[in-house]
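Notes follow the structure.
The values are calculated or read from the model by the stated rules, or taken from the named source; none is laboratory data. All figures in this text were calculated on a predicted structure; none of them were measured in a lab. Note: ideal-geometry Cβ built from the backbone for every residue, glycine included; neighbour counts use all protein chains shown.
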Amino acid sequence: MTAASIKTPDEKLAALIKPPLVRSTRLQFARDDTLVVCAGFEDRGLAALKMMDRDNSCRLLAINYVPFERKNRVTEIAEYYQQVTGLSPEFIVYDRENPAGFGAEFVEILGNRQGRMYVDVSAMSRLLIVQIIVALGIRNGGLSNCSIVYTEAAEYPPSQEEAQAAFKKTADDSTFNALFLSSGVFDVTIVPELSSVALAAIQTRLIVFPAFDAHHLTSLRSELQPSRYTFIEGAPPSAANVWRRDFIAAINHLGEIGDAESVVTSTLDYAQTLDCLLDLYRQHALRERLLLAPTGSKMQSVAVGLFRAFVRDVQIVYPTPQGFVSPENYTKGCGSTYSLSLDSFSTLS
């Protein structure tokens, strides 16, 4: 094999035919399989679990957040699983304010379990999604026998009318801060396992997914002081939510930020975002240190996790929310459920 034929990790990942995201009305569990869920407060966080019944069940590993949020579904998850199987789920704690090392702890708890692992990201924080996928990617066996499960919400607040009213109030009153989903930023989190080594003197580029809460981008800009920006704007799959992209750009004042470029990817089609990240890496990584903030949709965060599992000279940064404005209205109801087999990614290791 010649040196010219040896592909780098990003080239291997780019050449891989990306597995499809498949709509699933029922997940076929086997006794030795493991379903990983997160005890968050969204309705959709229970959708995959409720596909389980007495004749179609597996082991359950439930991630419990601290600091504890009163609306979290810990009790509901435990009661449903016990009703179906007669067993208690295994719980593992995820500290949102001190998340360093969770990936290694997660892999250690999994041990040498047989069967397939289904990771339901529907109620997970974006950083948690990235940590889990990266940890699975670098363990022995990699991403083989792993699937991502994702359930859309039926509704994604705020409504267009609510968003526009809050934006107008922001424009009319400089002291008013429009808090749609989260209430402030606890910290810009950089965990050691998702860090990268790069020369301090080179310029930095922040790649970020702008979101409804403009204080996320504000905190990242203030804390990191990047030289340049790339904004990955989300395109929702539903026509009813198309307005969200322009609104998010407006409330974050993206057009006023210098040394910035913008690209658009689907909030559902992870492969679009993964290919976009690979393109950005090829364009900028030789000249700039890349800082990547997974602040987009859950499936965009899956793409970030897959990207970072193989391309390891990129720094993950995350504006950890201080709290949530209205947990019961974060999202509402359950839409379609999808599954994504990660087996083909294990061939890259």
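For the reader, a short list of remarks on this structure follows.
- Check on L280, in a helix (DSSP H, G or I) and in contact with a Phe, Trp or Tyr (Cβ under 8 Å, 6 or more places away or on another chain): no
- Residue check for V134: in contact with a strand residue (DSSP E or B) (Cβ under 6 Å, 6 or more places away or on another chain), among the hydrophobic types (A, V, I, L, M, F, W, C) and surrounded by 14 or more Cβ atoms within 10 Å (Cβ to Cβ): no
- Only one entry of A14, A30 meets the criterion of being under 21 Å from the mean Cα position of the chain (by Cα), aliphatic (A, V, I, L, M) and either modelled with pLDDT of 95 or more or part of a loop (DSSP other than H, G, I, E, B) (or both), and that entry is A14.
- Selected residue (criterion: surrounded by the fewest Cβ atoms within 10 Å (Cβ to Cβ)) from residues of segment 253-276 that are in contact with a strand residue (DSSP E or B) (Cβ under 8 Å, 6 or more places away or on another chain) and more than 18 Å from P20 (Cα to Cα): D259
- Among residues of segment 234-253 that are part of a loop (DSSP other than H, G, I, E, B), those with a beta-carbon under 8 Å from a residue that is loosely packed, with under 14 Cβ neighbours inside 10 Å at least six positions away or on a different chain give the pairs P236/V242.
- Selection status of D279, surrounded by fewer than 18 Cβ atoms within 10 Å (Cβ to Cβ), more than 16 Å from the chain's Cα centre (by Cα) and in contact (Cβ under 8 Å) with a residue 24 or more places away in the chain: no
- Tally of residues being farther than 17 Å from V74 by Cα, at pLDDT 95 or above and charged (D, E, K, R) across segment 86-107: 1
- Pairs where the first residue, in segment 117-130, is closer than 15 Å to D43 by Cβ and assigned by TED's automatic domain parsing to the domain that holds V22 and the second is aromatic (F, W, Y) and surrounded by fewer than 24 Cβ atoms within 10 Å (Cβ to Cβ), C-beta under 9 Å, 6+ apart: A123/F41; M124/Y94
- Some residue of segment 101-116 being more than 26 Å from E193 (Cα to Cα), in contact (Cβ under 8 Å) with a residue 40 or more places away in the chain, out of contact with any Phe, Trp or Tyr (no Cβ under 7 Å at 6 or more places or on another chain) and surrounded by 14 or more Cβ atoms within 10 Å (Cβ to Cβ): yes
- Checked against (1) in a helix (DSSP H, G or I); (2) farther than 18 Å from A211 by Cα; (3) among the hydrophobic types (A, V, I, L, M, F, W, C); (4) in contact with a helix residue (DSSP H, G or I) (Cβ under 7 Å, 6 or more places away or on another chain), A271 meets all criteria but (4).
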